[in-house]
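Notes follow once the structure below has been shown.
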Amino acid sequence: MIRRTLLQGNRISVTEFRCTAGPGDKPFAEEFPAHSLSYVRKGSFGCSCRGRFHELVAGSILVGYPGDEYVCSHDHAVGDECLSFFLAPEVVDAISDVRIWQVGSAPPLPELMVLGELAQTAADGNSDVGLDEVGHLMAARFVDVVSGRKARKATASLRDRRRAVESALWIDANSHRAIGLDDAAGQAGISPFHFLRLFSDVVGVTPHQYLVRSRLRHAARRLADDDSPVTDIAYDVGFGDLSNFVRTFHRAAGASPMRFRQAARQGSRGDRKIFQERFSLN
């Protein structure tokens, strides 16, 4: 495990984790040191915590509760990369009931994925938005979208979980292409009906939802990182219609692609208010 501290603050700290473990490596128990949100930016892994097992893929969030013991494993693929936000108790107390932080994980949700990619851009030094700012936004939005969601109980076998995770990795890597349910099910080697139920049970979203959210994740990173026209980015990541991309992105980020880009760029502090307005921060 390679870890790098990107920000050490009194209220929010940010650490980058790069894990190279694979199926042959023996997992070991760890303990969450604080309330935390770990955005999976690459790869996949499994996590056992509070008697539940969670499969996490790119775009998922591992949720930490201080003192909880957890065990991560890599039964299906080698390695993962996470950007982790560790929050002081006063931050958590100000925005939520602490019980929300016992859910263990959150599936790939568009509202969190676009912020995760914005955080990665800030971590790379390509945005004027501070990592601590993104941490507050991420925490507030997490509470907003996860409140009321029931924790999922994993029922799939190890073999089926492997199929679902490998399919998610394949969808993410090929999200710029036109992928239908039959294509993804064929890649997994099972019927479309079985695949739909299996994928939804393990990943927490349907295959099509994950496909669209992967496209949004890649688009958010491109918007923050490079100067390509919005139209080019929309088509490059797999959207066949510009207006559909703009509507879908706005629904996830609470801002148009152009305003999202402006808010992530240096000298755009006025535009940054769109995030504060969207995520109801004081």
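The values are calculated or read from the model by the stated rules, or taken from the named source; none is laboratory data. Just so you know, these numbers come straight off a predicted model, no measurement behind them. No Cβ is skipped: glycine too gets one built from the backbone with ideal geometry, and neighbour counts run over all protein chains shown. With ligands, DNA and RNA removed, areas are computed over all heavy atoms of the protein, side chains included. Shrake-Rupley method; radii C 1.70, N 1.55, O 1.52, S 1.80 Å.
Carbon and sulfur: what percent of the chain's accessible surface (1.4 Å probe)? Heavy-atom surface of the chain belonging to carbon and sulfur, 1.4 Å probe: 48 percent. Note that region 97-114 has calculated 3J(HN,Hα) couplings of 6, 4, 5, 4, 7, 9, 6, x, 6, 10, x, x, 10, x, 5, 8, 5, 5 Hz, one per residue in order, obtained from phi through the Karplus relation 6.51 cos²θ - 1.76 cosθ + 1.60 (θ = phi - 60°); glycine and proline are x. Across region 63-73, rounded Karplus estimates of 3J(HN,Hα) from the backbone phi angles (6.51 cos²θ - 1.76 cosθ + 1.60, θ = phi - 60°) give 9, x, 10, x, x, 5, 8, 9, 10, 9, 9 Hz, Gly and Pro being marked x. With a ≥ b ≥ c taken as the square roots of the eigenvalues of the C-alpha gyration tensor of region 86-175, please select rounded if a/c is under 1.5 and otherwise prolate if a/b is larger than b/c or oblate if it is not? Oblate shape, in that a/c is at least 1.5 and b/c is the bigger or equal ratio. Accessible surface comparison of Asp182, Asp160, probe 1.4 Å, protein chains only, largest first: the order is Asp182, Asp160. This model, with +1 at the C-beta of Lys and Arg and -1 at the C-beta of Asp and Glu, gives region 1-159 a dipole about its Cα centre of some 600 debye.
Our analysis of the chain gives Rg over Rh at 0.95, with the two radii drawn from alpha carbon positions and Rh computed by the Kirkwood formula. For region 126-222, which trypsin sites (Lys or Arg not before Pro) are both in a DSSP coil and crowded by at most 15 other Cβ atoms within 10 Å? Counting only loop positions with at most 15 other Cβ atoms within 10 Å, the trypsin sites (Lys or Arg not before Pro) in region 126-222 are Arg149, Lys150, Lys153, Arg177.
For the pair His176 and Ser243, what calculated FRET efficiency results from E = 1/(1 + (r/R0)^6), where r is the Cβ-Cβ distance and R0 = 22 Å, to the nearest 0.05?
Values: r = 19 Å, r/R0 = 0.85.
In this case the efficiency is close to 0.75.
Annotation: amide H of Ser105 within the under-5 Å range of Val63, sequence separation 5 or more or interchain, hydrogens built in the peptide plane.
Shown in residue order for region 26-42 are the 3J(HN,Hα) couplings computed by the Karplus curve 6.51 cos²θ - 1.76 cosθ + 1.60 at θ = phi - 60°: 6, x, 9, 6, 10, 9, 5, x, 6, 4, 8, 10, 10, 7, 7, 9, 6 Hz (x for Gly and Pro). What you get for the chain, charging only the Cβ of Lys and Arg (+1) and of Asp and Glu (-1), is a dipole of about 480 debye around the Cα centre.
Solvent exposure of the chain amounts to 45 Å² per residue of accessible area, where only protein heavy atoms count and the probe is 1.4 Å.
Rounded to the nearest 500, the helix-only mean residue ellipticity at 222 nm of the chain stands at -13500 deg cm²/dmol, with each DSSP H run of n ≥ 4 adding -39,500 (n - 2.57).
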